Amino acid sequence: MRGIWRWRRNPLWRRTDRIEAWVALAAAVLVALGATSVGRLAGGATHGALLATVRIQHQQRHLEWVTVDRLVSRAPLDPDPETSSQRDAHRRVIARWTAPNGSAHIGQLAAPRPVETGERFRIWTDDRGRVVPRPMDVSTAGTHAVLAGLGTAAGVGMMIEGARRLVVWQLMVRRFRRWDEEWERAGQDWGRAGAGS
């Protein structure tokens, strides 16, 4: 900013230079204040919505014990040892459980560890006994809200910077156009010896 202040009365400074300096200042202020404010609002709104989801999920999801009836036969060997289907194949079981509403269920599940027939482990179910993912916890909701706020702030900042660059590009086009007009006025014989210039 000192450079802009020092050059403000320079006779070589064109009008487009002043406009570019003000656009840069406005963009910096908008990024510093506007993008961070929008990011904070987006993060706060996301956090509120996710906390409501956390409450609902904890009310609707229940930990239930399941008993392994039998192991599911292993799939043929997978040539790629990095695939999750092969790693999890030894953990697929047929198990039974009782839902919170008292209904009995039998189904194929992925065991959290290698198990044998008759062993028990816990799964998350909804009120009707359907298997569901573990409910979101408060810290995960907070992390997602922070990421949403940062992403929104970064997106707004990039949009402001993109608009600034578009304005500067237009100013450069205007400068080059005026420069071409001035060269046209100077004539083609400018600088030649004896041309009278």
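The modelled label-to-label distance for the pair L71/R174, using points 7 Å beyond Cα in the direction of Cβ, is 7.7 nm. Near V132, the amide H atoms lying under 5 Å from its own belong to W124, T125, D126; only residues 5 or more places off or on other chains count, and H is placed 1.01 Å from N.
Using a 1.4 angstrom probe on heavy atoms only, work out the carbon and sulfur share of the accessible area of region 123-172 in %.
On the way: 2160 of 3050 Å².
That fraction is 71 percent.
Taking θ as phi - 60° and the Karplus parameters 6.51, -1.76 and 1.60, the scalar couplings of region 138-148 work out to 5, 5, 5, 4, x, 5, 5, 5, 4, 5, 5 Hz in sequence order, x denoting glycine and proline. Under the simplified labelling scheme, the E64-S103 pair shows an inter-label distance of 0.9 nm, with each label point 7 Å from Cα along Cα→Cβ. Residue by residue, region 15-21 carries 3J(HN,Hα) couplings of 4, 5, 5, 5, 4, 4, 5 Hz when phi is fed to the Karplus relation 6.51 cos²θ - 1.76 cosθ + 1.60 (θ = phi - 60°); x denotes Gly or Pro. The Cα center of region 23-59 and the Cα center of region 123-173 differ in position by 9 Å. Computed from backbone phi, the HN-Hα couplings of region 27-42 come to 5, 5, 5, 5, 5, 5, 9, x, 5, 5, 5, 5, x, 5, 5, 5 Hz, rounded to whole numbers (Karplus: 6.51 cos²θ - 1.76 cosθ + 1.60, θ = phi - 60°; Gly and Pro given as x).
The values are calculated or read from the model by the stated rules, or taken from the named source; none is laboratory data. In this text, all values refer to a predicted model and were calculated from it rather than measured experimentally. All Cβ positions, even for glycine, are placed from backbone atoms using ideal geometry, and neighbour counts span all protein chains on display. Keep in mind that these areas ignore ligands, DNA and RNA; they rest on the heavy atoms of the full protein, side chains included. Shrake-Rupley method; radii C 1.70, N 1.55, O 1.52, S 1.80 Å.
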